[in-house]
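The values are calculated or read from the model by the stated rules, or taken from the named source; none is laboratory data. Everything numeric here is computed off the predicted structure, so don't read it as measured data. Cβ coordinates were reconstructed from backbone atoms using ideal geometry, including for glycine residues, and neighbour counts include every protein chain displayed. In case anyone asks, the SASA skips ligands and DNA or RNA and just uses the protein heavy atoms, side chains included. Shrake-Rupley method; radii C 1.70, N 1.55, O 1.52, S 1.80 Å.
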Amino acid sequence: MKKNSVLNSTNSLYHPDKSVTKHARIKEYDKLYKESITDREGFWSKEAKGLHWYQKWDKVLDDSNKPFYKWFTGGKTNVIANAIDRHLLTETKNKLALIWEGEPGDMKTFSYFALGREVSKFANVLKAMGAKKGDIITIYMPQIPEIIIAMLACAKIGAVHSVVYGGFSVEALAERIADAHSRILITADGGFRRGKPTQLKAIADEAMRRSPTIDVCIAVRRTGEECYMENDRDFWWHDLMGMPIASSKCETEQTDAEDPLFILYTSGTTGKPKGLLHTHGGYSVYASTTFKYVFDIQPADRWWCAADPGWITGHSYIVYAPLMNGATTLLYEGAPNHPYPNRWWQMIEKYGVNIFYTSPTAIRGLMRYGASWADKHDLSSLRLMGSVGEPINPEAWKWYYDVIGKGHCPIMDTWWQTETGGFMITPLPITPLKPGSATKPFFGNEVAVVDEAGKAVPAGAEGNLVIKNPWPGMARTILGDPDQFIEKYWKHYKKQGWYLTGDSAKVDKDGYFWIIGRNDDVLKVSGYRLGSAEIESALVSHPAITEAAAIGLPDSLKGNIIHATVILREGFAPSDALVEELKKHVDNELGPIARPAHIEFAEKLPKTRSGKIMRRVLKARALGQEEGDLTTLEE
Ligand code: WTA
């Protein structure tokens, strides 16, 4: 790749060189993009034909009840038919599907055949435990192979998984179990993180006390730490998998295209997390197609998405898309800097990873330790790299590009959301890159930056990022709350029928998209998505606090850090000890990722006359900036 100095320095183009483009399935973007927009249904139906269907669809897109779009109606498939079953009929059967490494250095591998066997066995265990098609099963696990087996087993029998990130804590888990009315919880005694065992089962026990819908809890023994097991409710995974109920023969359920595959909770602007629902048909088509074209996966490739399966990135691009494409996917249990900051680079060398996908936060974190940790390793297997979760600053982009990619691996900066199921704005391996820009829309998508009235803003100006069309991977609704689905995403541009992303962005004169960040009360902390309101409710659940406001402040490492302002109840006084106690309380209720970096005591919060907290004012105050227009302030 060579730099092109024709454009100004922030806009310099990085052109992919031949070693990459010669592989690329897509050799030319503009023409194909135009075709995919002109005949969107034709584009998606052609892609869908590459997957296995028990019965072909009648209609590609049913838009008779907007915004509740349906895709491939009348079709019957199952993500498992594509992620496992069809590979067992080809040479892929004995190829590695999954390479897993634990933090302590233990490892396991599964061929497609072996993964299929374990999934069938666990699917039979779930059935024996009374799981039925349509049941929502909660999964709360560390990054071990069983989390993938559990997800796939749910899908196989037509049950719906709801994975709760293993870094979340008691109240976050309890709330999600209750919202989904789950009867079955799959967990583990714990996992390893920075050399220490985590206590997942203990957290799960407390969550089950708060949300009593669970009557079966299956736990993997991972750490071997002592843990409480309740009679007739709690079972060890290995005990059940050793019983005759765990037969390795299990038929895959033939699900309708629109049958739910999973619920994934994500933070929105209200205190309650939203359970976004994805389906077997459209999601399968969208996840597998985006992966195939963007990361240009080849049969001999080893792919590593260093995310947690508990987030959408892990669902789509550790589990479903790679397996549907017959790829080898890697999963690593622990921290990138344990025991040393070369852990990831060591893994790339050890397993010969060809394509590597991570977040800007992780890159910035590892960049701090300097290039020498990466330079110790042979990273020459890498061909393509990716970034996701937040805007990547050009400095981190360049470090990633030069130090890890050695100047010849293009970076696919993929913009997307839990709601979108897969990549929406992204380069392809042939796209000339601009560091910090997610570049252009993926096929089939018309994306724009508009003002409040829906008028396109001029090149370089900031506005709301919207998507103007339906796409197969779109979330279908919010579990139990279709009104909120309309309210959140579709009401703002109701007249136009556009999807509101909640992000603000710019488009430059070359049509490249630059994401600025969230323009609602959603925070991205180290790439993790959190809601101001969730953090506030965790704080207010402490007896000393009557009101709280949480905002994000820019941070060069984490993207944002949480700054909380709290009001004390009568009888409590501010102190450093109380600050520490409040931080611990948030760890305990929501999880350490939501812990405020600062907690400030105040007499009152700035509010509008209608009583809404003006977080904008708090942010300006915390940053020592102008407070702006205060005309709507209470007093
Ligand atoms: C942000 C993660 C800039 C964005 C897949 C979005 C990004 C939110 C990028 C969704 C990117 C994701 N560049 N920002 N490449 N990718 N975001 O649901 O603000 O956890 O709205 O999905 O992450 O977060 P979520």
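Listed by position, the strands (runs of 3 or more DSSP E) enclosed by region 478-531 that each have at least 2 residues that are among the small types (Gly, Ala, Ser) and open to solvent by less than 60 Å² (accessible area, probe 1.4 Å) are 499-507. Please list, ordered by first then second residue, the pairs with beta carbon atoms under 6 Å, 6 or more apart or interchain, first in region 342-366 and within 26 Å of VAL525 (Cα to Cα), second assigned to a helix (DSSP H, G or I). Within 6 Å, the pairs are ASN342/TRP373; TRP345/ALA374; PRO360/ALA396; ILE363/ALA396; ILE363/TYR400; ARG364/ALA396.
Of all residues in region 263-310, those satisfying the criterion of being open to solvent by 10 Å² or more (accessible area, probe 1.4 Å), hydroxyl-bearing (Ser, Thr, Tyr) and over 23 Å from LYS440 (Cβ atoms) are TYR265, THR269, THR270. Highlighted here are the helices (runs of 4 or more DSSP H) found entirely within region 311-418 that include at least 1 residues which are surrounded by fewer than 24 Cβ atoms within 10 Å (Cβ to Cβ) and either within 12 Å of the ligand (Cβ to nearest atom) or at negative phi (or both): 343-351, 360-367, 372-375, 394-399. For PRO197, the stated conditions do not hold, so it cannot be described as more than 23 Å from ILE84 (Cα to Cα) and at pLDDT below 95.
Let's see how each residue does on (1) surrounded by 14 or more Cβ atoms within 10 Å (Cβ to Cβ); (2) in a helix (DSSP H, G or I); (3) in contact with an Asp or Glu (Cβ under 6 Å, 6 or more places away or on another chain):
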| position | (1), (2), (3) |
| --- | --- |
| ARG209 | no, yes, no |
| ILE214 | yes, no, no |
| ILE218 | yes, no, no |
| GLU226 | no, no, no |
| ASP232 | no, no, no |
| LEU240 | yes, yes, no |
| ALA246 | yes, no, no |
| LYS249 | no, no, no |
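Here ASP205 fits the description: within 26 Å of the chain's Cα centre (by Cα), on the phi < 0 side of the Ramachandran plot and acidic (Asp, Glu).
Conditions (1) of a type outside the set (A, V, I, L, M); (2) touching a helix residue (DSSP H, G or I) at 6+ places or on another chain (Cβ under 7 Å); (3) crowded, with 23+ Cβ neighbours inside 10 Å, marked per residue:
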position: GLU103; (1), (2), (3): yes, no, no
position: GLU118; (1), (2), (3): yes, yes, no
position: ALA128; (1), (2), (3): no, no, no
position: GLY134; (1), (2), (3): yes, no, no
position: ILE139; (1), (2), (3): no, yes, yes
position: GLN143; (1), (2), (3): yes, no, yes
position: MET151; (1), (2), (3): no, yes, yes
position: ALA155; (1), (2), (3): no, yes, yes
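Contact map, region 534-554: residues that are open to solvent by 10 Å² or more (accessible area, probe 1.4 Å) paired with residues that are among the aliphatic types (A, V, I, L, M) and in a strand (DSSP E or B), Cβ distance under 6 Å, separation 6+ or inter-chain. Pairs shown: GLU536/ALA548; GLU536/ALA550; VAL540/ALA548; THR546/ILE567; GLU547/ILE567; LEU553/ILE561. Go through the residues of region 474-487 one by one and say whether even a single one is over 30 Å from ILE593 (Cα atoms) and at pLDDT 95 or above. Checked region 474-487: no residue is over 30 Å from ILE593 (Cα atoms) and at pLDDT 95 or above.
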